[in-house]
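Dropping a structure here in structure tokens format, bear with me for questions.
The values are calculated or read from the model by the stated rules, or taken from the named source; none is laboratory data. Being a predicted model, the structure only gives us computed values, none of them experimental. Neighbour counts are summed over all protein chains in view; Cβ atoms, including those assigned to glycine, are modelled from backbone coordinates with ideal geometry. Calculation scope for accessible area: heavy atoms of the full protein, side chains included, ligands and nucleic acids excluded. Shrake-Rupley method; radii C 1.70, N 1.55, O 1.52, S 1.80 Å.
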Amino acid sequence: MNLFGNWSNPLVIGKEIDLESALRVLDRFNNRCQYCRLVVNPTPHTPLGHFVICNRNTHSNSEPSNWVCLCEMCADLNSLDNLNGKGSFIELGWAKQGQINALLRVSYSVALRESDQWGDLKKASERFLNAIDTRPESWSSIGWDGEPSRLAEMMNQMIWKPSSQAYLHKLRFRFDLAPYEDAIRFWAASVESRYTNSFQALNVAAQQLEDGNGE
């Protein structure tokens, strides 16, 4: 079941692609994830900046012209198997998945960095995380908690089956912190340089979630 992307699974460094070629792809896209738009500053110790190289389209030939770079979070969005154990689905049709990824990354970065200087940004991130976890009441009637491995089963139980495919477009994925902690720690530096924008975006998203006016 394809929900968010049509790229391939990450290419294996040393088997399907060498590091030098991977770095050229990163450079070609200015170190920017081609899904959520995250920009990283790789280091000698972490040359890919927790990005991976994927084939742009699962139906295209795997050659350099078809390679794109994605952050580790976004790369997992192409497969339900990749998402198992890494978070849960939420109903949030008014927001783009890439935006949700960016807001989660900010919130987790703030949670992981030991600093007394976060102030209002910490409050905004906590507010966003609390608001985003509200489950639709209809899910309880079919015993679904957003678990990726049970998505197909949930769709089969839906009473409104003729519109079930349309409902998929309302679903987004809420990544957990633990599977991406190393990457989040590395990306946290970019959050510090965008303090004001991050604070505003988190508050706007939290307000929309709390008001329920995004539907």
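When you go through (1) touching a residue at least 12 places away in the same chain (Cβ under 8 Å); (2) of a type in the set (S, T, N, Q); (3) more than 21 Å from Asn197 (Cα to Cα) one by one for Ser140, which number turns out not to apply?
Failing condition for Ser140: (1).
A further question on this structure: Of the residues Ser107, Ser65, only one is part of a helix (DSSP H, G or I), crowded, with 23+ Cβ neighbours inside 10 Å and small (Gly, Ala, Ser); which?
Ser107
Taking into account only those residues within segment 63-86 that are under 10 Å from the mean Cα position of the chain (by Cα) and not hydrophobic (A, V, I, L, M, F, W, C), which is nearest to Ala166 (Cα to Cα)?
Going through the qualifying residues, I end up with Asp76.
Could you tell me whether any residue of segment 92-104 is open to solvent by less than 30 Å² (accessible area, probe 1.4 Å) and either among the basic types (Lys, Arg) or touching a Pro at 6+ places or on another chain (Cβ under 9 Å) (or both)?
no
Considering segment 34-54 alone, what residues qualify as being out of contact with any strand residue (DSSP E or B) (no Cβ under 9 Å at 6 or more places or on another chain) and either of a type in the set (Val, Ile, Thr) or under 11 Å from Cys69 (Cα atoms) (or both)?
The answer is Arg37, Thr43, Thr46.
Quick check on this structure: which one of Arg28, Arg37, Arg24 is within 19 Å of the chain's Cα centre (by Cα) and of a type in the set (Lys, Arg)?
Arg37
A follow-up question, please. Please verify whether Ser60 is surrounded by fewer than 21 Cβ atoms within 10 Å (Cβ to Cβ), over 25 Å from Phe199 (Cβ atoms), within 15 Å of the chain's Cα centre (by Cα) and not aliphatic (A, V, I, L, M), treating the condition exactly as stated.
Taking the combined requirement at face value, the residue does not satisfy it.
Can you pull out every residue in segment 173-215 that is outside any helix (DSSP H, G or I), of a type in the set (Lys, Arg) and out of contact with any Asp or Glu (no Cβ under 8 Å at 6 or more places or on another chain)?
Arg194
Yes or no, residue by residue, for (1) in contact (Cβ under 8 Å) with a residue 24 or more places away in the chain; (2) farther than 28 Å from Ala152 by Cα; (3) under 20 Å from the mean Cα position of the chain (by Cα); (4) not in a loop (DSSP other than H, G, I, E, B):
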| site | (1), (2), (3), (4) |
| --- | --- |
| Gly5 | yes, no, yes, no |
| Ser8 | yes, no, yes, no |
| Leu11 | yes, no, yes, no |
| Pro44 | no, yes, no, no |
| Gly49 | yes, yes, yes, no |
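From (1) more than 19 Å from Phe89 (Cα to Cα); (2) assigned to a loop (DSSP other than H, G, I, E, B); (3) of a type outside the set (A, V, I, L, M); (4) modelled with pLDDT of 85 or more, pick out the condition that doesn't hold for Gly146.
(1)
Ok, one more. Quick one: in segment 1-33, of everything that is open to solvent by 60 Å² or more (accessible area, probe 1.4 Å) and touching a strand residue (DSSP E or B) at 6+ places or on another chain (Cβ under 6 Å), which residue is farthest from Leu77 (Cα to Cα)?
Filtering first and then ranking leaves Leu19.
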